[in-house]
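The values are calculated or read from the model by the stated rules, or taken from the named source; none is laboratory data. Model, not experiment: these values are computed from the prediction. Glycine gets a Cβ as well: all are built from the backbone with ideal geometry, and neighbour counts include every protein chain shown. Accessible surface is based on the protein model in full, side chains and every heavy atom, while ligands, DNA and RNA are left aside. Shrake-Rupley method; radii C 1.70, N 1.55, O 1.52, S 1.80 Å.
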Amino acid sequence: MLRFIVRRLLWAIPTLFIVTFVVYCALRLATNPLASYARANPRIAKQPEKMAQYIEENGLWPGITGYIRGYFLWLRGFLTGNWQVSIKGSRPVWPNLKDALINTLRLGIMASIVGISIGLALGIFAALKPGRLRDTAVNTGALIGFSIQPFISAVLLQLFFAVQWAKWFGEPLLPTSGMYPPGHTGFDPVLMLKYMILPVIVVSIQTVAAYSRYMRASLLDVLNSDYLRTARSKGISERRVLVKHALRNAMVPIVTLAALDVGAIVGGLIISEAIFEYPGMGMFFLTAESNGDFPELMPWMVIVTSSVILFNLLADLAYAWLDPRIRLD
Amino acid sequence: MRDAISDPIELPDPQSDASIGVLKQSMSPKKMALKRFVNHRAALLSTIVLVMIIIFVAAAPITTRYGVNETIFPASDGPNQNLAPFNLAWFGTDGNGRDLYSRIIYGAQISMLIGLFTAIGSVLLGTLVGGLAGYKGGWLDDILMRVTDIFLALPLLVVLVIVRGMLKNVSWVSTIMGDPNSVRFLVILLTIIGWMGVARLIRGQVKQLKEREFVEAARALGATSKRIMFRHLLPNSVGQIMVALTFAVVGAIAAEATLSFFGYGPDAGSGMTSLGLLIRDSKRAVPPGYWWLVVFPGVFFIILSLCINFIGDGLRDAVDPKMQQDLK
């Protein structure tokens, strides 16, 4: 087991370097940081020596060798904590990025807990009586959930709970944007929860749909297996069969999938965040992208990709640990 | 298998002579798949609804009431903007006084074309790469899996936006792909991302098939790799390819809508529209409470993707090799 972990960890490190290099090249091409800088500082753009200085300081040399040299310059700065300042407003990047990360994790973890637990419950409910009405209902419901894109459910919910509700009952039931009312300072968990209800619903719809199907398929697989028949035939109660044997085994693939999904949370809530103007990683990305702000996007991408790679690794480890049939070498 | 209950398969009646010997009429795999598909009631119903939508959308100038960029009546005859549904405009009018009902049909035309072309491109490319990787294995397979692993794990919108930015800034690309806001650019962009999911699906299918006895038999008879691929593996993967195609269509339509929603979609300059652009406009209609601008495009979009999802689900059940083994 230890050898397996060490080997996978050792593999993750070069992967991370290759991925960040590819991301570096892609982002430099996509955002064209020099042009963005000239756009943000029109006065400096007229002075070639100042522009040349900016190129030298930030490693924005052209050509393939320029990209490679620029990457190593960026990497050294990133690892030693000397991050490049943002193009728009020349601010340090980390404080805003940190806040965005915390806000997204707050929303993402809440939505995952709600979505996955409801999804699993529905999946178990359906798998216990396959082919019956409840099974059909859960399956159909899951497909409907898949078909409701987050941007559609978000605007429909906003319309219903805020605008129409206010028309019918005088005031909106739920707030539709931001994390706190404008001008609010300090930490207020109740108020924050109220602001998170709609985004959480929007994010959970697809999670519920996905996990109810995963769970149903996984549990049905286990319920039809030989070892479950053995468990039944030795005379233990159906409840014990289900809880001790079936559910535990059915959870193995689900845990792996959940680990992958949690890794994707960090960058994956862009749509809901943008519609609800929730100040998370998604909003950070969209703003930085529209400014062509390379120094802001690069750490963002590093955090998102390393989260994906890290949780991929965790998923593999969890699978190997939970399922003794998997050979580690 | 208990799972089979959800998909009733006619067993021979024990009283009839069919059960004594062989079945009277043996069914080809294609017929069996068709039968299973027809038995999937939701899929059958969705097919009917989708065909109706396609006919309706394809016959656009006949089925619409106004042009895509035409106001229901000139502004000089009175205010024509943001009117709630009434007899002149069944779904109400938008901020420019245009008929939403007609615009949804025109928008669906563009969205469905984007979906179809992207899906065809993705499936061709994905089947080629996935099939080769699955059949040959080795380094090609390794690279494919590593690259798609990372691309599929990253948020789709981020990948689309960054790849779009890259393509926009490389000068020779624009001669092939055209303006970044054109439909052609969008289709190629979505294909560049879309083939990966298909490739993984087909790779899995080919990997499974090439270990089967009939492929071994063909190889023992001296068939070349080319013959095995085109005469044995490809025909046996048609079902999976169809499933991939269906889900690729719905994926592309959703991706177009997502991009449009964030302002990266096709250019609406000439009054052209797509479902994504209509849904983007609906965001602005929320605060003033123009509910028709939000509800109609949204619900139409949900119905469209629901139909395609159900068809894909029905197809998958129909061609699922697990089910075929149950039949034996």
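Go through A:Arg216, A:Arg248 for me and flag whichever is away from chain B (no Cβ under 14 Å) and charged (D, E, K, R).
Details: A:Arg216 fails: away from chain B (no Cβ under 14 Å).
Matching residue, one of A:Arg216, A:Arg248: A:Arg248.
Please specify each residue of the range A:133-149 satisfying the condition of being open to solvent by 20 Å² or more (accessible area, probe 1.4 Å), at the interface with chain B (Cβ under 9 Å from one of its Cβ atoms) and not in a loop (DSSP other than H, G, I, E, B).
A:Thr136, A:Asn139, A:Thr140, A:Ile144, A:Phe146 - these are the residues of the range A:133-149 that are open to solvent by 20 Å² or more (accessible area, probe 1.4 Å), at the interface with chain B (Cβ under 9 Å from one of its Cβ atoms) and not in a loop (DSSP other than H, G, I, E, B).
Please verify whether the range B:112-127 includes one or more residues that are under 30 Å from A:Asn291 (Cβ atoms) and either surrounded by fewer than 20 Cβ atoms within 10 Å (Cβ to Cβ) or at pLDDT 85 or above (or both).
Yes, there is a match, as at least one residue in the range B:112-127 is under 30 Å from A:Asn291 (Cβ atoms) and either surrounded by fewer than 20 Cβ atoms within 10 Å (Cβ to Cβ) or at pLDDT 85 or above (or both).
On the given criteria, is B:Val187 within 21 Å of B:Phe117 (Cα to Cα), facing another protein chain (nearest Cβ under 9 Å) and β-branched (Val, Ile, Thr)?
Spelling it out, it is not the case that B:Val187 is within 21 Å of B:Phe117 (Cα to Cα), facing another protein chain (nearest Cβ under 9 Å) and β-branched (Val, Ile, Thr).
Among the numbered criteria (1) within 13 Å of another protein chain (Cβ to nearest Cβ); (2) under 21 Å from the mean Cα position of the chain (by Cα), which one does B:Met145 miss?
Result: B:Met145 fails condition (2) only.
Residue by residue through the range A:42-87, note down the ones that are under 26 Å from A:Thr287 (Cβ atoms) and either among the basic types (Lys, Arg) or touching a residue at least 60 places away in the same chain (Cβ under 8 Å) (or both).
Within the range A:42-87, A:Arg43, A:Lys50, A:Asn58, A:Trp74, A:Phe78, A:Trp83, A:Gln84, A:Val85, A:Ser86, A:Ile87 qualify.
All but one of (1) closer than 26 Å to B:Ile253 by Cβ; (2) among the aromatic types (Phe, Trp, Tyr); (3) within 14 Å of chain B (Cβ to nearest Cβ) hold for A:Trp165; state the number of the condition that does not hold.
(1)
Hey, any hits in the range B:132-148 for a residue that's within 30 Å of B:Met272 (Cα to Cα) and in a helix (DSSP H, G or I)? Even if it seems obvious, please write down each step before you answer.
First, pick out the residues of the range B:132-148 that are within 30 Å of B:Met272 (Cα to Cα): none.
Checked the range B:132-148: no residue is within 30 Å of B:Met272 (Cα to Cα) and in a helix (DSSP H, G or I).
Would it be correct to say that B:Met272 is assigned to a loop (DSSP other than H, G, I, E, B) and either of a type in the set (A, V, I, L, M, F, W, C) or within 23 Å of the chain's Cα centre (by Cα) (or both)?
Answer is yes for this residue.
Does A:Ala288 qualify as being away from chain B (no Cβ under 12 Å) and either within 24 Å of A:Asp316 (Cβ to Cβ) or open to solvent by less than 20 Å² (accessible area, probe 1.4 Å) (or both)?
Here the answer is no, as A:Ala288 does not meet what is asked.
Just for helices (runs of 4 or more DSSP H) wholly inside the range A:26-119: which have at least 3 residues that are open to solvent by 60 Å² or more (accessible area, probe 1.4 Å)?
Once the helices (runs of 4 or more DSSP H) in the range A:26-119 are filtered for at least 3 residues that are open to solvent by 60 Å² or more (accessible area, probe 1.4 Å), what remains is A:48-58, A:63-80.
Would you tally the residues in the range B:150-165 being more than 7 Å from every other protein chain (Cβ to nearest Cβ) and either free of Cβ contacts under 8 Å to residues at least 60 places away in the same chain or out of contact with any helix residue (DSSP H, G or I) (no Cβ under 7 Å at 6 or more places or on another chain) (or both)?
4
Say we look at the range B:286-302 and pick out the residues that are more than 8 Å from chain A (Cβ to nearest Cβ) and assigned to a helix (DSSP H, G or I); which of these is farthest from A:Trp165 (Cα to Cα)?
Applying the filter and picking the extreme gives B:Phe300.
Okay, residues lined up against (1) assigned to a helix (DSSP H, G or I); (2) in contact (Cβ under 8 Å) with a residue 24 or more places away in the chain; (3) closer than 27 Å to A:Gly178 by Cα; (4) touching a Phe, Trp or Tyr at 6+ places or on another chain (Cβ under 9 Å):
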| site | (1), (2), (3), (4) |
| --- | --- |
| A:Asn249 | yes, yes, no, yes |
| A:Val252 | yes, yes, no, yes |
| A:Val255 | yes, yes, no, yes |
| A:Leu260 | yes, yes, no, yes |
| A:Phe285 | yes, no, yes, yes |
| A:Met298 | yes, yes, yes, yes |
| A:Leu310 | yes, yes, no, no |
